DNA sequence: TAAATAAGTTTCGAGTCGATACTATTGTTA
DNA sequence: TAACAATAGTATCGACTCGAAACTTATTTA
C-alpha cells in the first residue's frame, strides 16, 4: 500500500471517529465545535465572524449553529455597543457547564491511557499538521493570547498585561485564551 | 492552557479541516469516505454492511450515501449469489478515476511538504491514535489483508496466496487491500 | 454624500445522521 | 420441519449541516 493513500486513510478515519463522538448530550458536532470555541476564546474573539473564521465555515452555517445553541439556552447574543453590526456571544452558565463535559472526552481518555511519550508525540504531530494546514490555507492560527507578538507582559499600571494591537488591558486569565488576532512572534 | 483541552482542540480543528476539504468535486465528505473505502477494500469487504462497520455509521445512513453514489454513476450494486440478502458493491470506471483524485489530496500535499522525519512522526502518531481508539471502541481495525493472522503466503497450488479464514485464494494485488476480517497476528 | 465594504441573517437544496420501523432471506432450535 | 431469531438492507422521519446566493443594516472610504 502506498504511503500517500495510507496517510489520507488515517486522517479521514480519525476525523470520522471524532465527528462520531460529536453526537453527544443532544448536540451535534458543529455545535460542540462552537461551544468549545466560545469557552476558550477571549472577549475580542467571541463573535459570529470570528467563529466563522475559526471553523472555516460560511457565515450562513454559523448563523444557524448559533441559533440552535441559543434556542437550547447555551449561548446569549448581545449587540456590540461600538459597532452596531456586530454581535457579542457569551456562554450561559449551562453552556459553560456543558463545555466542561466535552463530547470528545472519550478521545482524551484514549490519549491519557497511552504511554507518556506517545501522548507527547501525538500532540506534537497534530500541532505540526494543523499549523502546516492553516498556513497553507492562509487561515489565522487562533493561538493563545500570551504567545502573541502583541502581548505585553506585566504592564505596570492597571491590569497585569496589555495587548499592543488592540490597546486593551489583559487579565491573567484572559491572556490564556484563544485570540483571533494572535500572531506568532 | 491545560493539556487535555489542547489535545481536544487540535483534534477537533483538524477533523473540521478534513471535513471541509471533503466538499469537492460535487461529493460530500461521507461520499468520499465511501468511495475511498471501496477503492481500497478487497472483494470480501465491498458490501454495505462492511462499509457501515468501517465508517461506524448506521445502516440507514450508508444506504442513503450509496444511493447517492449510485445515482451519480460511481457505484454499481449487484446481488450476492450465495446470500440473496447481501449486496456486492463495485466502483465504476468513473468511480475509480474519481477515487484517484481524492478530495484529501491537499492534505497529502501539506504532509509531503514537511520534512521527511515529520512526515514519519505524524503518520506514526495518527496510526497509534487510531488503533487505540478503535480498540477502545471495540471496532474492527480493517487492516491490510497480508498483515492478517489468517494470511498464508505463497500457497503452492493455484493463486499465490491464501486466506485461511475464508478459505479463498488471494492475488498479489488483493492481498494489499483492506479486509473486514483482518486481525492482528 | 455616494459607493464600497463588512457583519449578520435568511432561504434554498442536497446531504448527513441517529432512530425506528420494515422487508426479505438465512440460521437455529425445539 | 415449522416457528422463531438473527442478519442484510431499505424506507422514513426530524433535526441539523453546509455551501451558495440574496438580502439588511451599519460603517468605511473615496
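What follows draws every value from the coordinates through simple rules; no lab data is involved. Remember, predicted model here, so these are calculated numbers, not experimental data. Here Cβ is always computed from backbone atoms with ideal geometry, including for glycine, and neighbour counts include all displayed protein chains.
A few points about this structure:
- Taking each DSSP H run with n ≥ 4 as -39500 (n - 2.57) and averaging over every residue of chain A yields -15500 deg cm²/dmol at 222 nm.
- Fewest-first ranking of A:102, A:172, A:121, using other Cβ atoms within 10 Å as the exposure measure: A:172, A:121, A:102
- Kirkwood hydrodynamic radius of the range A:1-47, from inverse mean 1/r over distinct Cα pairs, in Å: 12.7 Å
- With 0.36 nm allotted per residue and the present C-alpha distance subtracted, the residue A:94-residue A:59 stretch has 10.1 nm of extension available.
- Inter-copy separations for residue B:160, label at 7 Å along Cα-Cβ, nm, ascending: 6.5
- Across the range A:18-113, the relative contact order, built from alpha-carbon pairs under 8 Å that are at least six residues apart, equals 32 percent.
- Across identical copies of the chain, residue B:28 has label-point separations of 1.0 nm, listed in ascending order, with the point defined 7 angstrom from Cα along Cα→Cβ.
- Gained length - residue A:173 relative to residue A:109, 0.36 nm times residue gap less alpha-carbon distance: 20.5 nm
- Between residue A:153 and residue A:165, residue separation times 0.36 nm minus the direct Cα-Cα distance comes to 3.0 nm.
- Largest-first principal axis extents, alpha carbons of the range A:18-113, Å: 48, 27, 23
- The same position residue B:136 in the other copies lies at 2.7 nm from this copy, comparing label points 7 Å beyond Cα toward the beta-carbon, shortest first.
- Relative contact order [Cα under 8 Å, 6+ residues apart], chain A, whole percent: 20 percent
- Cα-derived Rg to Rh of chain A, Kirkwood definition: 0.99
- Each semi-axis of the equivalent ellipsoid for the protein assembly as shown is √(5λ) with λ an eigenvalue of the Cα gyration tensor; in descending order they amount to 43, 22, 18 Å.
- Rg and Dmax over the alpha-carbon atoms of the range A:57-132 stand at 17.7, 51 Å.
- With the simple model of a label 7 Å out from the Cα in the direction of the Cβ, residue A:23 to residue B:23 spans 2.0 nm.
- Between the alpha-carbon centres of the range B:1-52 and the range A:127-150 there is a gap of 23 Å.
- Binning the alpha carbon pair distances of the range A:98-184 at 10 angstrom intervals from zero yields the distribution 15, 31, 33, 19, 2, expressed in whole percent.
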